[in-house]
Amino acid sequence: MNDRGAHGASDSEPAFYVRGRGAGRDLLAVLHPPYTAWHLSFVVIGAAAAPVVSWRLLGLTVAAFFLAVGVAAHALDELHGRPLGTELGVVTLKMLAVGTLAVAVGIGVAEAIMVGLWLLVLVAVGAFLVVGYNLEMFGGRLHTDWAFAVSWGGFPALVGYVVQSRSVTPSALAIAGGATGISIAQRALSTQARLLRRRVTAVTGFLVLDGKRRDLDRLFLLRPVEVALSALSWSITILALGLVGARLGHY
């Protein structure tokens with residue numbers, strides 16, 4: 001079976017944004033571009049809600065989350081069970097994870113020197129979540145739907161706001177709560193997509209629509225899930241960019 005999905009990728013690939021073969025394909029797969037952009041957007045949305053935005057601090061915060069979540073967390077995830085089936089070596093994945101997480105922590109320390117040493121608490125929490133979630137520590141207690149949503153949705157949004165404002169407000173908590181809820185939806189959709197792509201080997205059954213029979217197949221089940229995931233990823237990214245544009249217009 002080698003049908004093409006909604007975005008051109010074969011439904012035999014581990015994700016809709018993975019195509020081709022080779023080292024470039026493997027590195028791109030590990031970065032999970034749509035999801036990385038999605039979660040970095042939460043950082044930007046949180047920061048844009050602050051009364052005053054320091055673009056320097058925002059750039060550093062986004063860079064730290066890109067390295068910690070976009071690279072280190074995903075490298076650890078691939079190291080733990082090879083869900084993407086890449087050919088990246090164990091040493092390569094470990095170097096990616098350790099190296100980028102160390103740089104992310106270094107950026108966090110630099111920000112703490114500029115903002116306040118209390119920020120080191122959030123840096124430590126972030127580093128712990130990257131390792132604890134992706135290595136499924138404590139018997140997988142940190143690898144649940146809600147842990148995912150808080151770690152990669154609520155936490156980035158809250159940090160984005162707090163770094164700018166040096167405070168936690170009801171508005172910041174509401175934004176973090178919204179990001180958490182959106183991430184719960186992402187988790188539900190992506191879990192279904194992973195199940196269909198990586199574990200389901202056959203689909204049987206049919207629907208009767210207006211008296212006509214429509215046989216079920218994996219692509220039929222995948223399409224609406226992955227269209228939703230793709231649309232949400234670029235929509236939230238565009239929303240974050242729009243908020244940045246709106247804030248720039250005030251300066």
Q. Consider Val53 against the criteria (1) in contact with a Lys or Arg (Cβ under 7 Å, 6 or more places away or on another chain); (2) modelled with pLDDT under 95: it satisfies all of them except one. Which criterion is unmet?
A. (2)
(Q) Which numbered condition in (1) under 27 Å from Gln186 (Cβ atoms); (2) surrounded by 13 or more Cβ atoms within 10 Å (Cβ to Cβ) is the only one that Arg141 fails? (A) (2)
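Rundown of residues vs (1) surrounded by 14 or more Cβ atoms within 10 Å (Cβ to Cβ); (2) aromatic (Phe, Trp, Tyr); (3) more than 19 Å from the chain's Cα centre (by Cα), yes/no style:
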{"position": "Gly81", "(1), (2), (3)": "no, no, no"}
{"position": "Leu96", "(1), (2), (3)": "yes, no, no"}
{"position": "Val105", "(1), (2), (3)": "yes, no, no"}
{"position": "Val115", "(1), (2), (3)": "yes, no, yes"}
Q) Can you name the condition, by its number, that Trp38 falls short on among (1) at pLDDT 95 or above; (2) more than 19 Å from Ser230 (Cα to Cα)? A) (2)
(Q) Between Arg199, Arg213, Arg166, which is touching a strand residue (DSSP E or B) at 6+ places or on another chain (Cβ under 7 Å), without any contact (Cβ under 8 Å) to a residue 60 or more places away in the chain, more than 24 Å from Gly70 (Cα to Cα) and surrounded by fewer than 21 Cβ atoms within 10 Å (Cβ to Cβ)? (A) Arg213
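The values are calculated or read from the model by the stated rules, or taken from the named source; none is laboratory data. Quantities reported herein were computed from a predicted structural model and do not represent experimental measurements. So basically every Cβ, Gly included, is an ideal-geometry build from the backbone, and we count neighbours across all protein chains shown.
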